[in-house]
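What follows is one structure encoded as structure tokens, with my remarks underneath.
The values are calculated or read from the model by the stated rules, or taken from the named source; none is laboratory data. Bear in mind the structure is a predicted one, so any value in this text is a computation, not a measurement. Because the Cβ atoms are built from the backbone with ideal geometry, glycine has one as well, and the counts that use them run over all protein chains shown.
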Amino acid sequence: MNLWFTEYQNQNLTIGCRISKTLHYEKTPFQEIMVVDTVQFGRMLLLDDVIQTTVADEFVYHEMITHVGLNTLPDPRRVLIIGGGDGGSVREVLKHRSVEKVTLVEIDRGVIEAAKKHLPEISCGLDDPRAEVIIDDGIKHVKEHKNTYDMIIVDSTDPVGPAEGLFGAGFYRDVYDALTETGLFVAQTESPFFNRDLISRIIGDVRSIFPMARLFLANVPTYPGGLWTFTMGTKRYDPMEVDPGGIPVMDTRYYSPEIHRTSFVLPPFVKELVK
Ligand code: SAM
């Protein structure tokens, strides 16, 4: 069948995927949700025509947004995920035995329901007894919870619509206050090719609020340009000082003790952004 989905990654760039089946379509008060089956990447979640995750490459993003931070902390117990309604980050956080509770705050119930129905291998952790799901705005949630979480993961859509405030200095200040004394946060912060001003601004904001800001990289084939950044703000522990020998053996396909270390090695064109 010659049916194609085209994501306009920006005004001058598209990614196209041949679709074999449309599994879900819904318009919620927040966005249009679609799940399609693609020939190249398998089932894919789209929000407002933007690729969020696919069963073929989701492991890269979900392992990196969770394990780099969690393995930086000696004993993370309470974790907050903002966004992340597909459940992939919850699934990865639950691999850490020290975690007593992982709270997911997702603004759109529709994303969670679509993922539970059509992406069970990604959403499988959402019904775990250690997982708590709250339907709310993450911006409001962090304001209302001081000194509560050891790690906060910002697994958001791009900085438009309800996610725009998740990329601002005011939000990072509230994240700082919502973290425990030695806590840290990790956020997905877009492409080092196409979002250079945004990344520089975020690093500057995080540095002005946290004692330490770090940028790390991973390759996610279905995101614009492939190469993707994650930003960490940390109150005490430095992810670059973690002893790779002390990282527990984990059931992962991208993250490893070597990747933990090398993901902080930035090519010069990315290093420019953190200067
Ligand atoms: N891996 C993805 C990516 O980078 O493309 C992110 C996936 S996850 C599905 C993003 C989620 O963030 C969406 O389900 C969206 O509804 C949610 N979201 C956006 N703004 C939010 C907010 N202010 N509070 C809580 N959730 C939010």
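Considering the stretch 136-157 alone, what residues qualify as being among the charged types (D, E, K, R) and buried (at least 19 other Cβ atoms within 10 Å of the Cβ)? Quick ask: steps written out before the conclusion?
Of the stretch 136-157, the ones among the charged types (D, E, K, R) are 136-137, 140, 143-144, 146, 150, 155.
Selection gives Asp150, Asp155.
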The stretch 84-106: number of residues that are within 11 Å of the ligand (Cβ to nearest atom) and in a strand (DSSP E or B): 3
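One line per residue, one yes/no per condition, for (1) closer than 19 Å to Asp137 by Cα; (2) away from the ligand (no atom under 12 Å from the Cβ); (3) among the aliphatic types (A, V, I, L, M):
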| site | (1), (2), (3) |
| --- | --- |
| Met1 | no, yes, yes |
| Thr6 | no, yes, no |
| Asn10 | no, yes, no |
| Lys21 | no, yes, no |
| Asp37 | no, yes, no |
| Thr53 | no, no, no |
| Glu58 | no, no, no |
| Ile82 | yes, no, yes |
Counted residues, the stretch 151-173 - those being small (Gly, Ala, Ser) and more than 15 Å from the ligand (Cβ to nearest atom): 1
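Listed here are the residues, each with its yes/no results for (1) buried (at least 21 other Cβ atoms within 10 Å of the Cβ); (2) over 28 Å from Ile15 (Cα atoms).
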position	(1), (2)
Leu215	yes, no
Ala218	yes, no
Pro224	yes, no
Leu227	no, no
Pro239	yes, yes
Val249	no, yes
Ser256	no, yes
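Answer yes or no as to whether His67 is under 30 Å from Glu241 (Cβ atoms) and buried (at least 24 other Cβ atoms within 10 Å of the Cβ).
Details: under 30 Å from Glu241 (Cβ atoms): yes; buried (at least 24 other Cβ atoms within 10 Å of the Cβ): yes.
Against the criterion (under 30 Å from Glu241 (Cβ atoms) and buried (at least 24 other Cβ atoms within 10 Å of the Cβ)), His67 qualifies.
In the stretch 174-208, what residues are within 16 Å of the ligand (Cβ to nearest atom) and under 15 Å from Tyr149 (Cβ atoms)? Even if it seems obvious, please write down each step before you answer.
Applying the first criterion (within 16 Å of the ligand (Cβ to nearest atom)) to the stretch 174-208 yields 174-175, 178, 185-195, 198-199, 202.
The answer is Asp174, Val175, Ala178, Phe185, Val186, Ala187.
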Residue identified as on the phi > 0 side of the Ramachandran plot and at pLDDT 95 or above among Gly87, Gly110: Gly87
Residue that is nearest to Val99 (Cα to Cα) [pool: residues in the stretch 16-56 that are under 16 Å from the mean Cα position of the chain (by Cα) and surrounded by fewer than 21 Cβ atoms within 10 Å (Cβ to Cβ)]: Val55
Which listed residue, of Val36, Val99, Val90, Val50, is touching a Phe, Trp or Tyr at 6+ places or on another chain (Cβ under 7 Å) and touching a residue at least 24 places away in the same chain (Cβ under 8 Å): Val36
